[in-house]
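Undergrad: Following this message is one structure expressed as structure tokens.
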Amino acid sequence: MKHKFLILTTSILFAFIAGAAIFTDSDVKKNKVLMELVMASLDKQHFMPQDMDDKWSVTVFDEFVSRLDFSKRFFLQKDIEQLNAYKKEIDDLVEDKDYALLETATDLLESRVSECEEFYQELLAEPFDFSTQENIELDKDKIEYAKDKAERQERWRKILKHQTLIRLVDKIEEQDKAKEENDTTVTIKSFEDLEIESREKVQKNYEDWFKRLDKTNEKDRLATYINAIVNTYDNHSGYFPPKDKEDFDIRLSGKLEGIGATLHEKDGYIRVVRIVPGSACSRQGELEVDDKILKVAQGADEPVDIVDMRLDEAVRLIRGKKDTEVRLTVKKLDGVTKVVPIIRDIVVLEETYAKSAIIEEQGKKVGYIKLPKFYADFNSKNGRNCSDDVRKEIVKLKAEKVEGVILDLRGNGGGSLRDVVDMTGMFIDEGPVVQIKARTGTPYVLEDEDSGVFYKE
């Protein structure tokens, strides 16, 4: 069957996805509605139409399976053969809003992950023999899926041995350097002890990895599947589940409503790793770095235990509207457990925003502006934006009589096009800045609307 569809740009797709969950309490029905909304949006909005046919299906299939098992450590060849039944059918599955491939692949993957979780610790229980010369291929594109469980386990053995060896070599080199420099702060250990430490480190890393895999839920798998569809022909379009859309807005605006603490998950506990200066929890004063958060309550409501909870789920319990109360049950470094009540407020992430500095060398001064992203607050009319902030930084630099300005855009992943146009206008007198071409109609040119140059050498 051949259909036509269009891939939708990310910013347009958000509005449909964020509201998809309200249609019904049934996951099956919700997912059907979600697929219908996504494909309808793609069909109406994206710039370049694609044929939904067997060729397209194969491309989506390969992308989806690769995302499920990127390094080919879990699936067996017979699993891929089973999934191949859907390889040319995805166009029809999408048309029928049928998630048979997703369900089958998820069941297979969870089974294979459980198998590997059972044997990897056995492989790390005994020292590896580094006197035997062996080869390992690390390029996923040059290896096939293991033909059976024995071949898969042997592949895992080599991977674990290789990762242990890397850590072992680092430890040996560290000791050798300490010996050369007579550094007595480094304890010299035997090869056997270093090998044990290296294996234990690898095992700890894998324990954490499998814990994260075990916490992968149906919504995560669904997002992987839909993004395999959306991303196949356009890496700049994507499906954001509501929680990812919320995170995107925070990254782009540089602010959120919450308590103002940076959290990290380790060994099943949500730990505080940073307190944002001036934030709600900073002003309250009782929450501290290294505190473990055990429970979260919304005001006087019954607290929710968050031990072993996914970090993103715990964060969403802690975040909330400005002026609302959250009560955190925390365990201090000294072992004392207490309840910390915090009234949520606006949290400003200053690292998001433009910053300037002056570089002085050989008697010359050059202005430097770091712009992490082209940020803007689309949810607030008076929200902060990068063009206004860069203008303010340029004013500061001009007052210092710099001889030039460096605008550092390294790592800048994009953002507000309108602000890019406004910012460009600071450096040119007039004229076109960028041309936009939609699916239909003539190209639209965004121009510098202000005559004159705000900054020039």
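Undergrad: Which sequence of Tyr86, Tyr206 reflects their accessible areas, 1.4 Å probe, from the largest down? Before the final figure, lay out each step's value.
TA: Working: Tyr86 55, Tyr206 15 Å².
If we order Tyr86, Tyr206 from most to least accessible, we get Tyr86, Tyr206.
Undergrad: Considering only the chain, what is the antiparallel percent among its DSSP beta bridges, to the nearest 5?
TA: Taking every DSSP beta bridge within the chain, about 90 percent pair in antiparallel fashion.
Undergrad: Hey, rough spin-label estimate for Thr324 and Thr187, points 7 angstrom out along Cα→Cβ, what's it come to in nanometres?
TA: 4.9
Undergrad: What number in nm² do you get for the range 70-172 if you take the convex hull of its Cα atoms and divide its surface by four? Provide the component values of the computation, followed by the final result.
TA: Details: hull surface 32.9 nm².
Average projection, Cα convex hull of the range 70-172: 8.2 nm².
Undergrad: What trypsin sites (Lys or Arg not before Pro) in the range 307-406 are in a loop by DSSP, with at most 10 other Cβ atoms within 10 Å of the Cβ? Write out the running numbers ahead of the final one.
TA: Working: sites: Arg310, Arg316, Arg319, Lys321, Lys322, Arg327, Lys331, Lys332, Lys338, Arg344, Lys355, Lys364, Lys365, Lys370, Lys373, Lys381, Arg384, Arg391, Lys392, Lys396, Lys398, Lys401; in loops: Arg310, Arg319, Lys321, Lys322, Lys332, Arg344, Lys373, Lys381, Arg384, Lys401.
Answer by residue number: Lys321, Lys381, Lys401.
Undergrad: If you stretched the chain out fully between Thr59 and Thr440, how much longer would it get, using 0.36 nm times the residue separation minus the C-alpha to C-alpha distance? Each step should come with its number before you reach the end.
TA: Working: separation 381, 0.36 × 381 = 137.16 nm, distance 2.66 nm.
Gain on stretching Thr59 to Thr440: 134.5 nm.
Undergrad: With just the Cα atoms defining each centre, how far is the range 338-401 from the range 80-149? Give it in Å.
TA: 45
Undergrad: Divide, for the range 239-375, the radius of gyration over alpha carbons by 2.2 N^0.38 Å, where N is the residue count. Mind dumping the intermediate values first?
TA: Numbers: Rg = 17.9 Å, N = 137, 2.2 N^0.38 = 14.3 Å.
My calculation over the Cα atoms of the range 239-375 gives 1.25.
Undergrad: Turning to a different aspect of this structure: Based solely on C-alpha atoms, express the radius of gyration and the Dmax of the range 322-414 in angstrom.
TA: When restricted to the Cα atoms of the range 322-414, Rg and Dmax are 20.0, 57 Å.
Undergrad: If you stretched the chain out fully between Asp305 and Glu95, how much longer would it get, using 0.36 nm times the residue separation minus the C-alpha to C-alpha distance? Could you put the intermediate results ahead of the total?
TA: Details: separation 210, 0.36 × 210 = 75.60 nm, distance 4.14 nm.
Result for the pair: 71.5 nm of gain on full extension.
Undergrad: Now for a different question. Could you compute the FRET efficiency for Phe130 and Glu200, with r as their C-beta to C-beta distance and R0 at 25 Å, rounded to 0.05?
TA: Details: r = 16 Å, r/R0 = 0.66.
E between Phe130 and Glu200, to the nearest 0.05, is 0.90.
Undergrad: Pull out the extension gain between Tyr455 and Glu115, defined as 0.36 nm times the separation in residues minus the alpha carbon to alpha carbon distance; nm, one decimal.
TA: Numbers: separation 340, 0.36 × 340 = 122.40 nm, distance 6.27 nm.
Stretched out fully, the Tyr455 to Glu115 stretch lengthens by 116.1 nm.
Undergrad: Per residue, how large is the accessible surface of the chain? Use a 1.4 angstrom probe and give square angstrom.
TA: Accessible surface, normalised per residue, equals 56 Å².
Undergrad: Still on this structure, please answer the following. Taking a point 7 angstrom from the Cα of Glu137 along the C-beta vector, which residues in the range 148-164 have backbone N less than 18 Å away?
TA: Zone members listed by number: 148-160, 162.
Undergrad: For q = 0.18, 0.19, 0.20 Å⁻¹, what log10 I(q)/I(0) does the range 114-246 give under the Debye formula with an equal point scatterer on each alpha carbon and no solvent?
TA: Each listed q corresponds, in turn, to -1.08, -1.13, -1.19.
Undergrad: For the range 99-223, calculate the relative contact order in percent as a whole number, restricting contacts to Cα pairs under 8 Å that are 6 or more residues apart. Mind showing how you got there, number by number?
TA: Values: 42 pairs, mean separation 42.6, N = 125.
Answer for the range 99-223 is 34 percent.
Undergrad: Another question, then. Excluding residues fewer than 8 places away in the same chain, name every one of the lysines whose C-alpha is closer than 24 Å to that of Lys331.
TA: Output for Lys331: Lys204, Lys211, Lys215, Lys266, Lys292, Lys295.
Undergrad: Just for the Cα atoms in the chain, what are the lengths along the principal axes, largest first, rounded to whole Å?
TA: The principal-axis extents, from largest down, are 72, 71, 57 Å.
Undergrad: Counting other C-beta atoms within 10 Å, and keeping those with at most 15, which DSSP coil trypsin sites (Lys or Arg not before Pro) do you find in the range 153-236? Intermediate results must be reported in sequence, preceding the final value.
TA: Values: sites: Arg155, Arg157, Lys158, Lys161, Arg167, Lys171, Lys177, Lys179, Lys189, Arg199, Lys201, Lys204, Lys211, Arg212, Lys215, Lys219, Arg221; in loops: Lys189, Lys215.
Counting only loop positions with at most 15 other Cβ atoms within 10 Å, the trypsin sites (Lys or Arg not before Pro) in the range 153-236 are Lys189, Lys215.
Undergrad: Calculate what fraction, in whole %, of the accessible area of the range 188-247 sits on carbon and sulfur atoms when a 1.4 Å probe is rolled over the protein chains. Please list the in-between numbers first.
TA: Numbers: 1540 of 3070 Å².
In the range 188-247, the share of accessible area belonging to carbon and sulfur is 50 percent.
Undergrad: Kindly state, as a whole number, the per residue volume in cubic angstrom of the convex hull around the alpha carbon atoms of the range 175-294.
TA: Working: hull volume 28.7 nm³, N = 120.
Hull volume normalised by residue count: 239 Å³.
Undergrad: For a distance above 18 Å, tell me the whole-number percent of Cα pairs in the range 167-236 that qualify.
TA: Working: 1528 of 2415 pairs.
Roughly 63 percent, rounded to a whole number.
Undergrad: What do the square roots of 5 times the Cα gyration tensor eigenvalues come to for the range 406-457, in whole Å, largest first, as semi-axes of the equivalent ellipsoid?
TA: Numbers: eigenvalues 99, 57, 9 Å².
So the three semi-axes of the range 406-457 are 22, 17, 7 Å.
Undergrad: When the C-alpha atoms of the range 381-436 are aligned to their principal axes, what extent does each axis show, in angstrom, from largest down?
TA: 37, 27, 25
Undergrad: Sticking with the crude label model, points 7 Å out along Cα→Cβ, report the distance from Lys332 to His236 in nm, one decimal please.
TA: Taking the simple label geometry, Lys332 and His236 are separated by 5.3 nm.
Undergrad: Now for a different question. If you roll a 1.4 Å probe over the range 299-457 with all protein chains in place, what percent of the accessible area is carbon or sulfur?
TA: Working: 5010 of 9720 Å².
Roughly 52 percent of what the probe reaches on the range 299-457 is carbon or sulfur.
Undergrad: Further, regarding this structure: First select every other residue whose beta carbon is under 11 angstrom from the beta carbon of Ala376; then total the charges, Lys and Arg +1, Asp and Glu -1.
TA: -3
Undergrad: So what's the Cα pair-distance distribution over the range 301-457, bin width 5 Å, in %?
TA: 2, 7, 12, 13, 13, 11, 9, 9, 9, 7, 5, 3, 1, 0
Undergrad: Greater than 18 Å separation of Cα atoms is the criterion. Which listed pairs, Lys158/Lys201; Lys30/Lys97; Lys88/Lys147, meet it?
TA: Numbers: Lys158/Lys201 16 Å; Lys30/Lys97 11 Å; Lys88/Lys147 23 Å.
Beyond 18 Å: Lys88/Lys147.
The values are calculated or read from the model by the stated rules, or taken from the named source; none is laboratory data. From a predicted model like this one, the values you see are computed outputs, not experimental measurements. Methodologically, a virtual Cβ is constructed for each residue, glycine included, from the backbone with ideal geometry; neighbour enumeration extends over all protein chains shown. What goes into the accessible areas is simple: the full protein's heavy atoms, side chains included, and nothing from ligands, DNA or RNA. Shrake-Rupley method; radii C 1.70, N 1.55, O 1.52, S 1.80 Å.
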